[in-house]
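Participant: Got a structure for you, written out below as structure tokens; questions coming shortly.
The values are calculated or read from the model by the stated rules, or taken from the named source; none is laboratory data. Because the structure is predicted, anything quoted here is derived from the model rather than measured. Don't worry about glycine lacking a Cβ; one is built from the backbone with ideal geometry, like all the others, and counts go over all protein chains shown.
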Amino acid sequence: MLPTAPPVRSPIAALLAVIIPVVLFVAPLPSLPTQARQALAITLFATISWLTGTIRAEYAGLVTLLAFPLTGTTTFEATFAYFGP
């Protein structure tokens, strides 16, 4: 088995994992529809927090799955459609 690198887990990485998506989430970008901007912010949060080791990959995926319908970006049915009946 290949060795894995230890997670970063720095306070700066955790701060950036929150600040960057929040700014994108609320920023008025006329060229990007609201739902697309929100989806990008949620995905950026999950990606940054996972890559920096701020939270585990499982939790980043769970946050993403719950954040899409809770913010109105998409519906629960559309989010969980591929998980089966």
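Participant: State all residues of the range 64-85 that are part of a helix (DSSP H, G or I) and surrounded by 17 or more Cβ atoms within 10 Å (Cβ to Cβ); if no residue qualifies, say none. Give the derivation first.
Facilitator: So the first thing to find is which residues in the range 64-85 are part of a helix (DSSP H, G or I), and the list is 64-70, 76-79, 81-83.
Of everything in the range 64-85, those that are part of a helix (DSSP H, G or I) and surrounded by 17 or more Cβ atoms within 10 Å (Cβ to Cβ) turn out to be T64, A67, F68, T79.
Participant: Another question, if that's okay. For residues that are over 25 Å from A78 (Cβ atoms) and in contact with a helix residue (DSSP H, G or I) (Cβ under 7 Å, 6 or more places away or on another chain), scanning just the range 28-55, find the one that is surrounded by the fewest Cβ atoms within 10 Å (Cβ to Cβ). Before you say what the answer is, go through the steps one by one.
Facilitator: Taking the range 28-55 as the starting set, the residues that turn out to be over 25 Å from A78 (Cβ atoms) are 28, 30, 51-54.
Within this subset, residues satisfying the condition of being in contact with a helix residue (DSSP H, G or I) (Cβ under 7 Å, 6 or more places away or on another chain) are 52, 54.
Values: T52: 17, T54: 22.
In this case the residue turns out to be T52.
Participant: Let me ask you something else. Any residue in the range 65-85 that's at pLDDT 90 or above: show its pairings with residues that are of a type in the set (S, T, Y) and assigned to a helix (DSSP H, G or I) at Cβ separation under 7 Å, as long as the two are six or more apart or on different chains.
Facilitator: If the second residue must be of a type in the set (S, T, Y) and assigned to a helix (DSSP H, G or I), the pairs left are L65/T79; F68/T79; P69/T79.
Participant: Here's a follow-up. On the basis of being part of a helix (DSSP H, G or I), modelled with pLDDT of 90 or more, surrounded by 11 or more Cβ atoms within 10 Å (Cβ to Cβ) and in contact with a helix residue (DSSP H, G or I) (Cβ under 9 Å, 6 or more places away or on another chain), does F25 make the cut?
Facilitator: On the way: part of a helix (DSSP H, G or I): yes; modelled with pLDDT of 90 or more: no; surrounded by 11 or more Cβ atoms within 10 Å (Cβ to Cβ): yes; in contact with a helix residue (DSSP H, G or I) (Cβ under 9 Å, 6 or more places away or on another chain): yes.
The answer is no for F25.
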